[in-house]
């Protein structure tokens, strides 16, 4: 969350991807930092044990939302 907000302050578009298990925490942090409406793109959890194909599936899951947010 901090990185995305820092980039936005520098007028660099950012997209925050977060696994479903951590989305609530990210929303709480955004609220505490004064950006409660910051869009968070959720992907399925977990990602730590995924192989290349599994991780590519998660990327495809979020790609349209990331492009939309960055445009």
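The values are calculated or read from the model by the stated rules, or taken from the named source; none is laboratory data. In this text, all values refer to a predicted model and were calculated from it rather than measured experimentally. Because the Cβ atoms are built from the backbone with ideal geometry, glycine has one as well, and the counts that use them run over all protein chains shown.
Some notes on this structure:
- Selection of the range 7-20 for residues being modelled with pLDDT of 95 or more and more than 19 Å from residue 65 (Cβ to Cβ) yields 10, 11.
To keep it simple, each residue is scored yes or no on (1) out of contact with any strand residue (DSSP E or B) (no Cβ under 8 Å at 6 or more places or on another chain); (2) free of Cβ contacts under 8 Å to residues at least 24 places away in the same chain; (3) part of a loop (DSSP other than H, G, I, E, B).
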site: 4; (1), (2), (3): no, no, no
site: 17; (1), (2), (3): no, no, no
site: 45; (1), (2), (3): no, no, yes
site: 53; (1), (2), (3): yes, yes, no
site: 58; (1), (2), (3): no, yes, no
site: 65; (1), (2), (3): no, no, no
site: 68; (1), (2), (3): yes, yes, no
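- Among the residues of this structure, residue 30 counts as one that is surrounded by 14 or more Cβ atoms within 10 Å (Cβ to Cβ) and free of Cβ contacts under 8 Å to residues at least 40 places away in the same chain.
- Here residue 23 meets the list (1) at pLDDT 95 or above; (2) farther than 16 Å from residue 65 by Cβ almost entirely, failing just condition (2).
- Boolean, residue 50 is more than 15 Å from the chain's Cα centre (by Cα) and surrounded by 13 or more Cβ atoms within 10 Å (Cβ to Cβ): yes
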